Amino acid sequence: MKPTVKRGLLPLFLVLLVAGCSDSDNPPPNTLPQPEPEPEPEPVPFEILYEQGVDQYLGEYTPMTSDSADGIVQHTFGAGDGPLCLLGGEYTMATRDGTADDLMIFLEGGGACSSLFCQATPTAAPGIPERGILDPAFPDNPAAEYNVAYLPYCDGSVFSGDAEYDTDDDGAIDRYHRGLKNLSASIDVIASTFPAPSRILLTGNSAGGYGTDYMLPLVRKLYPDTPIDLVNDSGVGVAKPGFVELLGEEWNSLRFIPEDCEDCINDDGHTTGYHIFQLDEDPNLRMGFMSTKQDVVIADVFVGIGGEAFEAALIEEMATLEEAHPERFRSLIADGNSHTFIQAQFDREVAGIPVYQWVTDMLNGAEDWQSISD
């Protein structure tokens, strides 16, 4: 006898079977695994400055000649709308191969020129001076084996300007402030010559100390992941009310300060807030600032507030910077009113520590790297 199946039971059985398969193999759409959300992109250091145009000349200019002699390559730019010195002379910078993977970018000093005063080096000297940290034979020089890029200073605007003036109204330009073009063309050469350093020491003295402020975002643009140690020798941000704004307007360099950064220049005119902004923006950056207590060139000639006022502000502003970034900022403050250390007084002792040793401790990441003062 054949088994019989009552009508109505088989369809019900099939429905349950199909439903069971659907539940196990084909879950409803709202139970499907959801893709992981895309991670938020890492913030780009100094992106606000790039939006304001500080990088607008990168990739625009190349040297007319690059000549090698005695281990130094001299990169010279021609006339026209590109890099120039204050009076219209050609701009030149130099590179030197070292034996290490590290790179030192050095910005030279030489005064300033504005409608307030004009005492500035108007020509770019060729070569690389062998003094202090630039001298590979200097005893205990921590950068002796570094690759070197040397930027002479000749634009009168502490490497920041993008303006020109006919000061006597005779129809001919008298002042070419092309610091931004000089920096941009130079960092293009540097990145091409030294594409993958393990670390960058960005340093300069006097006008070149100030120049490190303006070179930093350009260096970071072309070296986004490389650790940067910045040593500012005698170009610290002590000023007076209205001073930075006046020069920034005249030199057309205010684009280096974020438009929405109300604290970048404080009520006393100091740029401490700007340096805090730089450290806030770039976690792969460390800073060391150097100055004498009453630096006569800065306190009396450039800023014009006198030695005592400069000293009081210097001590307070350096302390504020270190309080904001205690792991990545240190200062060296020496007695007296002399000007610059890193070339002229590299072996000078401050609080019993030679300047070269202080820089060595910084570069080595040593715990001994501390703020010191006479």
**Report entry** Mean residue ellipticity (222 nm) of the chain, computed from DSSP H runs ≥ 4 via -39,500 (n - 2.57), nearest 500
**Finding:** -8500 deg cm²/dmol
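Return the ratio Rg/(2.2 N^0.38 Å) for the range 239-310, where Rg is computed over Cα atoms only.
Numbers: Rg = 13.3 Å, N = 72, 2.2 N^0.38 = 11.2 Å.
Rounded to two decimals, the normalised Rg is 1.19.
If you take the square roots of the eigenvalues of the alpha-carbon gyration tensor of the range 297-345 and sort them as a ≥ b ≥ c, do you get rounded (a/c under 1.5), prolate (a/b over b/c) or oblate?
Oblate shape, in that a/c is at least 1.5 and b/c is the bigger or equal ratio.
Once you charge only the Cβ atoms, +1 for Lys and Arg and -1 for Asp and Glu, what is the size of the charge dipole of the range 216-275 about its Cα centre, to the nearest 20 debye?
Details: 4 positive and 12 negative charges, 58 e Å.
Charge dipole of the range 216-275: 280 debye, to the nearest 20.
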Query raised in the report: Label residue 338 and residue 374 with points 7 Å out from Cα along Cα→Cβ: what is the distance between them in nm?
Result: 0.8
Query raised in the report: Got a sec to turn the phi values of the range 334-341 into Karplus ³J(HN,Hα) couplings, 6.51 cos²θ - 1.76 cosθ + 1.60 with θ = phi - 60°, whole Hz, x for Gly and Pro?
Result: 9, 5, x, 10, 6, 10, 6, 10
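Based on the Kirkwood radius over alpha-carbon pairs, what is the Stokes-Einstein translational diffusion coefficient of the range 86-243 at 4 °C with 1.567 mPa s viscosity, in µm²/s? Can you show the working numbers first?
On the way: Rh = 16.1 Å.
For the chosen part, D equals 80 µm²/s.
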Report task. State the antiparallel share, in %, of DSSP beta bridges confined to the chain, rounding to the nearest 5. Result -> 40
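Hey, could you get me the Stokes-Einstein D for the chain, Kirkwood radius over alpha-carbon pairs, 25 °C and 0.890 mPa s, rounded to whole µm² s⁻¹? Walk me through the numbers before you get to the answer.
On the way: Rh = 22.7 Å.
The diffusion coefficient I find is 108 µm²/s.
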Query raised in the report: How much length is gained if the chain between residue 196 and residue 262 is pulled fully straight, taking 0.36 nm per residue apart and subtracting their Cα-Cα distance, in nm to one decimal?
Result: 20.2 nm
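Summing +1 for each Lys or Arg and -1 for each Asp or Glu, what net charge is found among the other residues whose Cβ lies under 15 Å from the Cβ of residue 183? Please list the in-between numbers first.
Working: positive: 178, 181, 220, 221, 255; negative: 55, 60, 108, 155, 162, 188, 213.
Its environment carries a net charge of -2.
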Query - Qualifying GluC sites (Glu not before Pro) in the range 274-366, DSSP loop, other Cβ atoms within 10 Å at most 14 - result: 327
Report task. Evaluate E = 1/(1 + (r/R0)^6) for residue 140 and residue 67, where r is the Cβ-Cβ distance and R0 equals 30 Å; express this FRET efficiency to the nearest 0.05. Result -> 0.40
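For the range 197-266, which GluC sites (Glu not before Pro) are in a loop by DSSP, counting at most 15 other Cβ atoms within 10 Å? Before the final figure, lay out each step's value.
Values: sites: 245, 249, 250, 259, 262; in loops: 259, 262.
Taking the range 197-266 and a limit of 15 other Cβ atoms within 10 Å, the loop GluC sites (Glu not before Pro) found are 259, 262.
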**Report entry** Where the Cα pairs of the range 274-370 fall when distances are cut into 10 Å bins, in %
**Finding:** 15, 43, 36, 5
Query - Among 353, 105, 190, residue whose mean-square fluctuation peaks in a GNM of the chain (springs only between Cα atoms under 10 Å) - result: 353
Query - Inter-part distance where the range 249-309 and the range 83-131 are each reduced to a Cα centre, Å - result: 21
Query raised in the report: Taking K and R as +1 and D and E as -1, what net charge do the other residues with C-beta under 15 Å from the C-beta of residue 120 add up to?
Result: -3
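Remind me, relative contact order of the range 270-374 in percent, using alpha carbon pairs under 8 angstrom and six or more residues apart?
Working: 133 pairs, mean separation 30.0, N = 105.
Relative contact order, the range 270-374: 29 percent.
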Query raised in the report: Using a Gaussian network for the chain with springs between C-alpha atoms less than 10 Å apart, which of these wobbles most: 189, 350, 158?
Result: 350
Query raised in the report: Among 126, 148, 299, whose Cα lies farthest out toward the positive end of the dipole of the chain, if unit charges sit on the beta carbon of Lys, Arg (+1) and Asp, Glu (-1)?
Result: 148
**Report entry** Charge dipole (debye, nearest 20) of the chain; +1 at Cβ of Lys and Arg, -1 at Cβ of Asp and Glu
**Finding:** 1780
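What is the local net charge at residue 138, summed over the other residues whose Cβ is closer than 10 Å to its Cβ (Lys, Arg +1; Asp, Glu -1)? Please list the in-between numbers first.
Working: positive: 131; negative: 130, 135, 140, 347.
With Lys, Arg at +1 and Asp, Glu at -1, the net is -3.
None of the figures in this text is laboratory data; all of them are computed from the coordinates on show. Predicted model, so just to flag it, every value in this text is computed and none were measured. Because the Cβ atoms are built from the backbone with ideal geometry, glycine has one as well, and the counts that use them run over all protein chains shown.
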